[in-house]
Number of protein chains: 2
Amino acid sequence: MRTVFWEDNQVKMIDQRILPGRFEIVSFKDHASVARAIKDMVVRGAPAIGAAAAFGLALAGYESTASSNSELFDDLQAASDTLKAARPTAVNLAWAVDRMTTKISLALKVAGTDDVDATRQAFLEEAQRIADEDVEINKRMAEHGAALINDGDTIIHHCNTGALATVDWGTALGVIHTAHQQGKKIHVLVDETRPRLQGARLTAWELEQYGIPYEIISDNMSGYFLKAGKAQKVFFGADRVTANGDVANKIGTYMLSLAAHDNGVPAYSVVPTSTVDLSLAHGDLIPIEERDPEEVLGLEFHGERVAPIEAEARNIAFDVTPNRLITGIVTENGVVYPPFEVNLRKAVLGK
Amino acid sequence: MRTVFWEDNQVKMIDQRILPGRFEIVSFKDHASVARAIKDMVVRGAPAIGAAAAFGLALAGYESTASSNSELFDDLQAASDTLKAARPTAVNLAWAVDRMTTKISLALKVAGTDDVDATRQAFLEEAQRIADEDVEINKRMAEHGAALINDGDTIIHHCNTGALATVDWGTALGVIHTAHQQGKKIHVLVDETRPRLQGARLTAWELEQYGIPYEIISDNMSGYFLKAGKAQKVFFGADRVTANGDVANKIGTYMLSLAAHDNGVPAYSVVPTSTVDLSLAHGDLIPIEERDPEEVLGLEFHGERVAPIEAEARNIAFDVTPNRLITGIVTENGVVYPPFEVNLRKAVLGK
């Protein structure tokens, strides 16, 4: 089953907020609800929210009562803005929405028609294409990345980058899944990924299904295992990679990469080229989302709230890992190594 | 009120497992219960468990039915072993127990008496002395450390090192408390300190009482604040410092110190000299405690367990921060700077 898909003129998603306790599919009938679902993290993971936004835009086409393509494009522009504003850090949201609008408006210019229903249909088909391509791309990334993993490796993995973070198969976790399928003996140290615990909840749940051995650790334990020589690789995804190879990813990636670097352990970011934002020179230019403090404060242990009731918190959702700490960036076009300024551009644009 | 104290022939402790939700004093009538309380973390923090073990040993004296000092010392030896085994990493446990036994057996040799009741009384008095000295020492450390803090500093603090981690006043948090009392405007970023959340539970609770402004962050957010130039100092305690200045402390200290170092932010460990173990040349020789995985897995959010029910976990309680990442070690005898091999010895032995 895909993480996000189109069925019965609705966008459907696995509700990732309630896993692993419950598995439920939720349906959305308008693009505003899809935007809210992205914001509330019903769906998360850069490639998955790209596909969700694409389907959301297709939904906006059917919501629109426009009788000309020009009116339809006005409505879709407003819907694009709503969808893009749902979460600021991952570039895939904007990438998916812009790809659809650009590609279809160009096709319409060439065709010179004003068939609004055909345009609506074209948006849906393009969303479907984005979703289908995501799966293909992930499988190609996984092949490239799996070659980096040795039999017997213990791998530290951050956040969730599996099937749930994409339409299917995953980025970094897809690499691990493929290496496992190739018969390599792998052990995964799953960091829990505070505050939303995507590691302990989602990655652990996926690894259970794949039969890959793992143990959960708290985020702050990675340094111990790296220093003790008990982990041979570090893998994570990314929400946006800038032209110089700086990696914005789930909060904690920077400290994890630092600890890997301090112990000579390679750290790989696995991303489709749609996550690479060549328009930004370096990571300090990436907008960093800050979320509701309750995600930090709401923790319970044995049914009791952990923090004092008066406590305040900060909830920074992402950090930027400077390129000097990144060993390689795995894309569908191969593994990119430094100098990233030159080699990332080649991997994305083919030149 | 002190964290651990003697009253009505019992050892009493603030139950730190249930704070900040409830404040309760628990009482112990025998040394085995004290050892269990240390193991279960009713009391925690290197200096506090040192004092708790001291009182536990005094209790063992009164438990013993010995009619000669030689028999009494046999019983106390067994009790010492039980108390020392409660937690392996903090050296203060062994330090307190050994100090009592050595000092009193020496005094007895000098006196040449065999008054068992007087010996029992001597053990209790020495335990009381250890507890009283702890508070004095902490106040002296706090004065030395507060001089390192500037008006307007934002300080990242790890674990709990306050009054609750000691008999009273605290180590690193004592420094912050004193700087606050001196009128310095301070903001504390309290990392929650997974897995047992001593930051979010205990440090936040203490800061509420002292009226010091703070915000809770998850452990993996420290790197963001350090990289963004939003924190000027990092402070933590230690469970054992070796002769070369390597610092064993609550898990996460190594990654936090790495992030401080990567951004040129000073990181200070605040410890009484009783936490310095000159018998160990470096940190790799320190035994590292691994605790029950349930402390990692038992997390709940909105009443639901976070991890899959089948999940396993690792629970490493401490890590070792190499001396190269430590800016200074604050002791009751002043702030010790590199080369730690030379200067720590001077601070501890006065030579």
Among (1) at pLDDT below 95; (2) under 30 Å from A:THR193 (Cβ atoms), where does A:ALA52 come up short?
(1)
Segment B:306-323, subset within 7 Å of chain A (Cβ to nearest Cβ) and not acidic (Asp, Glu), residue surrounded by the fewest Cβ atoms within 10 Å (Cβ to Cβ)
B:ARG314
Picking from A:GLU295, A:GLU290, A:GLU300, which residue would you name as being open to solvent by 10 Å² or more (accessible area, probe 1.4 Å), in contact with a strand residue (DSSP E or B) (Cβ under 8 Å, 6 or more places away or on another chain), under 30 Å from B:GLY21 (Cβ atoms) and touching a residue at least 24 places away in the same chain (Cβ under 8 Å)?
A:GLU290
Take the conditions open to solvent by 40 Å² or more (accessible area, probe 1.4 Å) and more than 10 Å from every other protein chain (Cβ to nearest Cβ) and apply them to A:HIS282. Does it pass?
yes
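To keep it simple, each residue is scored yes or no on (1) within 22 Å of B:GLY283 (Cβ to Cβ); (2) crowded, with 24+ Cβ neighbours inside 10 Å; (3) more than 10 Å from every other protein chain (Cβ to nearest Cβ).
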residue: B:ALA172; (1), (2), (3): yes, yes, yes
residue: B:VAL175; (1), (2), (3): no, yes, yes
residue: B:ASP191; (1), (2), (3): yes, yes, no
residue: B:GLU208; (1), (2), (3): no, no, no
residue: B:ILE212; (1), (2), (3): no, no, yes
residue: B:ILE216; (1), (2), (3): no, yes, no
residue: B:GLN232; (1), (2), (3): no, no, yes
residue: B:GLY237; (1), (2), (3): yes, yes, yes
residue: B:ARG240; (1), (2), (3): yes, yes, yes
The residue from A:PRO47, A:PRO20 that alone is open to solvent by 10 Å² or more (accessible area, probe 1.4 Å), assigned to a helix (DSSP H, G or I) and not β-branched (Val, Ile, Thr) is A:PRO47
Report whether or not B:SER27 is free of Cβ contacts under 8 Å to residues at least 24 places away in the same chain, outside any loop (DSSP other than H, G, I, E, B) and over 23 Å from B:GLU133 (Cβ atoms).
yes
State whether one or more residues within segment B:52-63 are farther than 17 Å from B:THR166 by Cα and surrounded by fewer than 21 Cβ atoms within 10 Å (Cβ to Cβ).
yes
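Counting only residues that are within 30 Å of B:ALA311 (Cβ to Cβ) and either open to solvent by 10 Å² or more (accessible area, probe 1.4 Å) or within 14 Å of another protein chain (Cβ to nearest Cβ) (or both), how many does segment A:28-43 have?
Count: 3.
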Can you tell which of B:VAL4, B:VAL97, B:VAL91 is at pLDDT below 95, of a type outside the set (Ser, Thr, Tyr) and crowded, with 16+ Cβ neighbours inside 10 Å?
B:VAL91
Right, A:ALA58: more than 24 Å from A:THR171 (Cβ to Cβ) and of a type in the set (A, V, I, L, M) or not?
no
For segment A:254-277, state whether one or more residues are in contact with a Pro (Cβ under 6 Å, 6 or more places away or on another chain), at pLDDT 95 or above and open to solvent by 50 Å² or more (accessible area, probe 1.4 Å).
no
Check on A:LEU344, more than 10 Å from every other protein chain (Cβ to nearest Cβ), part of a loop (DSSP other than H, G, I, E, B) and in contact (Cβ under 8 Å) with a residue 40 or more places away in the chain
no
Anything in segment B:177-189 that is more than 10 Å from chain A (Cβ to nearest Cβ) and not polar (S, T, N, Q)? List them, or say none.
B:HIS177, B:ALA179, B:HIS180, B:GLY183, B:LYS184, B:LYS185, B:ILE186, B:HIS187, B:VAL188
Only residues in segment A:320-335 that are on the phi > 0 side of the Ramachandran plot count as the first member; pair them with residues that are open to solvent by 10 Å² or more (accessible area, probe 1.4 Å), Cβ under 8 angstrom, at least 6 apart or cross-chain, and list the lot.
A:GLY334/A:HIS144; A:GLY334/A:ALA347
For the list (1) open to solvent by less than 10 Å² (accessible area, probe 1.4 Å); (2) within 9 Å of chain B (Cβ to nearest Cβ), I need the number of the one condition that A:ILE329 fails.
(2)
Would you check which residues across segment A:285-294 are more than 9 Å from chain B (Cβ to nearest Cβ) and either over 30 Å from A:GLU341 (Cβ atoms) or charged (D, E, K, R) (or both) and list them?
A:GLU289, A:GLU290, A:ARG291, A:ASP292, A:GLU294
For residues in segment A:221-230 being facing chain B (nearest Cβ under 8 Å) and open to solvent by 10 Å² or more (accessible area, probe 1.4 Å), which is farthest from B:ASP319 (Cα to Cα)?
A:LYS227
If B:GLU136 satisfies all but one of (1) among the charged types (D, E, K, R); (2) in contact with a helix residue (DSSP H, G or I) (Cβ under 6 Å, 6 or more places away or on another chain); (3) assigned to a helix (DSSP H, G or I), what's the number of the condition it fails?
(2)
Filter segment A:242-253 down to the residues that are under 14 Å from A:THR161 (Cβ atoms), at the interface with chain B (Cβ under 9 Å from one of its Cβ atoms) and open to solvent by less than 10 Å² (accessible area, probe 1.4 Å) and list them by number.
A:GLY252, A:THR253
Among the residues of segment B:75-85, write down those that are hydrophobic (A, V, I, L, M, F, W, C) and either crowded, with 23+ Cβ neighbours inside 10 Å or outside any loop (DSSP other than H, G, I, E, B) (or both).
B:LEU76, B:ALA78, B:ALA79, B:LEU83
Filter result (within 14 Å of chain B (Cβ to nearest Cβ) and closer than 17 Å to A:THR166 by Cα) within segment A:1-19
A:ASP15, A:GLN16, A:ARG17, A:LEU19
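The values are calculated or read from the model by the stated rules, or taken from the named source; none is laboratory data. Model, not experiment: these values are computed from the prediction. Using ideal geometry, Cβ is built from the backbone for each residue, glycine included, and neighbour counts are taken over all protein chains shown. These area figures cover heavy atoms from the full protein model, side chains too; ligands, DNA and RNA do not enter into them. Shrake-Rupley method; radii C 1.70, N 1.55, O 1.52, S 1.80 Å.
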